[in-house]
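Following: one structure in structure tokens, then a few remarks.
The values are calculated or read from the model by the stated rules, or taken from the named source; none is laboratory data. A quick note: this is a predicted structure, and the numbers were derived from the prediction, not measured. Note that each Cβ is placed from the backbone with ideal geometry, even for glycine, and that neighbours are counted across all protein chains shown. For accessibility, only protein heavy atoms count, side chains too; no ligands or nucleic acids. Shrake-Rupley method; radii C 1.70, N 1.55, O 1.52, S 1.80 Å.
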Amino acid sequence: MIRVAIVDDQALFRGGIRMLLESQVDMQVVAEAGDGREAVAVVREAQPDVVLMDVRMPVLDGIAATQAIVSERPATKVIVLTTFDLDEAAARAIRAGASGFVLKEAEPEFVLASIRTVVNGNQVLAASATRALFEHFGKRAHQAVPDAFDTLTDREREIFMHASKGHSNNEIATAEFVSEATVKTHISRILTKLGLRDRVQLVVYAYEHGLA
């Protein structure tokens, strides 16, 4: 069962999302909040697997709330809710630790698939849209690539380059002629060596250091 918290300052929107999620046999809404400060508190108490986080809210915005949540509870994944695809606030929330973003007007099936995607962790949520977001708002770092990148083996660097393009485990396995289990192991080691939270942070890392 995937435990979800819904954070949005519009009660009507929260109600609609709750109805959608509770229609699924594998999802349960365990908390709601109307602002970022309340979100941090309810996540601490309910410990959801996924938070659907509005990026613009009173008291504490979704960016600050995301940063607080992932710092305090790294196991919780945050999906940012935004009203348009090229949203600088969404890019900032991803830098703060969000696992991806979803348009509020997205089809219900896409919202459900997005939740399952971030829980599964085998691919980047809306990879092409995420890359487009950072190409539009991102700033490549001027400093050298961190020393930690030099600790990757040649095979890990190959896997890194595939993952930085948002490729799924299956796509990487097919391209590299290895099993998905092998890819998963390599990805786990890469994230650990580079000190990254998840695959979307890998995409950001690659982009901001000129590796993508």
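Taking K and R as +1 and D and E as -1, what net charge do the other residues with C-beta under 14 Å from the C-beta of residue 163 add up to? Don't jump to the answer; show the numbers that get you there.
Values: positive: 131, 155, 157, 165, 184, 189, 193, 197, 199; negative: 156, 158, 171, 176, 180, 198.
Combined, the nearby Lys, Arg, Asp and Glu give +3.
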Report summary line: Between the residues 195, 211, 175, the Cα farthest towards the positive end of the dipole of segment 168-212, that dipole coming from +1 and -1 charges on the beta-carbon of Lys, Arg, Asp and Glu, is from 195
Query - Computed over segment 120-212, Kirkwood Rh from alpha-carbon pairs, angstrom - result: 13.3
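Given Cβ point charges of +1 (Lys, Arg) and -1 (Asp, Glu) and nothing else, what value in debye, to the nearest 20, does the dipole of segment 1-120 about its Cα centre take?
Numbers: 12 positive and 18 negative charges, 70 e Å.
The dipole magnitude comes to about 340 debye.
Suppose we take every Cα in the chain and form the convex hull; what volume per residue is that in Å³? Let's see the in-between values first.
Numbers: hull volume 24.5 nm³, N = 212.
Spelled out: Cα convex hull of the chain, divided by residues, is 116 Å³.
How many times 2.2 N^0.38 Å is the alpha carbon radius of gyration of segment 1-115? Could you put the intermediate results ahead of the total?
Working: Rg = 12.4 Å, N = 115, 2.2 N^0.38 = 13.4 Å.
Taking the Cα Rg and dividing by 2.2 N^0.38 Å, one obtains 0.93.
Just to confirm the filter: which chymotrypsin sites (Phe, Trp or Tyr not before Pro) across segment 160-212 are DSSP coil and have at most 11 other Cβ within 10 angstrom of their Cβ? Before the final figure, lay out each step's value.
Values: sites: 160, 177, 205, 207; in loops: 177.
Filter output for segment 160-212: 177.
Could you work out what % of the accessible surface of segment 1-94 is carbon and sulfur, using a 1.4 angstrom probe and leaving DNA, RNA and ligands out of the count?
Details: 2150 of 4210 Å².
Looking at segment 1-94 in its full context, I get 51 percent from C and S.
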Requested in this report: Could you tell me the number of lysine pairs in the chain with C-alpha atoms less than 23 Å from each other, where the two lysines are 8 or more residues apart or belong to different chains?
Outcome: 8
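Taking the Cα centre of the chain as origin, sum charge times position over the Cβ atoms of Lys and Arg (+1) and Asp and Glu (-1), and report the length of that vector in debye to the nearest 20. Write out the running numbers ahead of the final one.
Values: 23 positive and 29 negative charges, 86 e Å.
In total the dipole reaches around 420 debye.
In square angstrom, what is the accessible area per residue of the chain with a 1.4 angstrom probe? Please report the intermediate quantities before stating the final value.
Working: 10020 Å² over 212 residues.
Ligands and nucleic acids excluded, the result is 47 Å² per residue.
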Report summary line: If unit charges are put on Cβ atoms (+1 for Lys and Arg, -1 for Asp and Glu) and the dipole of segment 20-59 is taken about its Cα centre, the option from 47, 28, 58 lying farthest towards the positive end turns out to be 58
Requested in this report: Using only alpha carbon pairs under 8 Å that are at least six residues apart, calculate the relative contact order of segment 30-86 and give it in whole percent.
Outcome: 37
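For segment 70-180, with only Lys/Arg (+1) and Asp/Glu (-1) charged at the beta-carbon, what is the dipole magnitude about the Cα centre, in debye rounded to 20? Walk me through the numbers before you get to the answer.
On the way: 12 positive and 16 negative charges, 65 e Å.
Dipole about the Cα centre, nearest 20: 320 debye.
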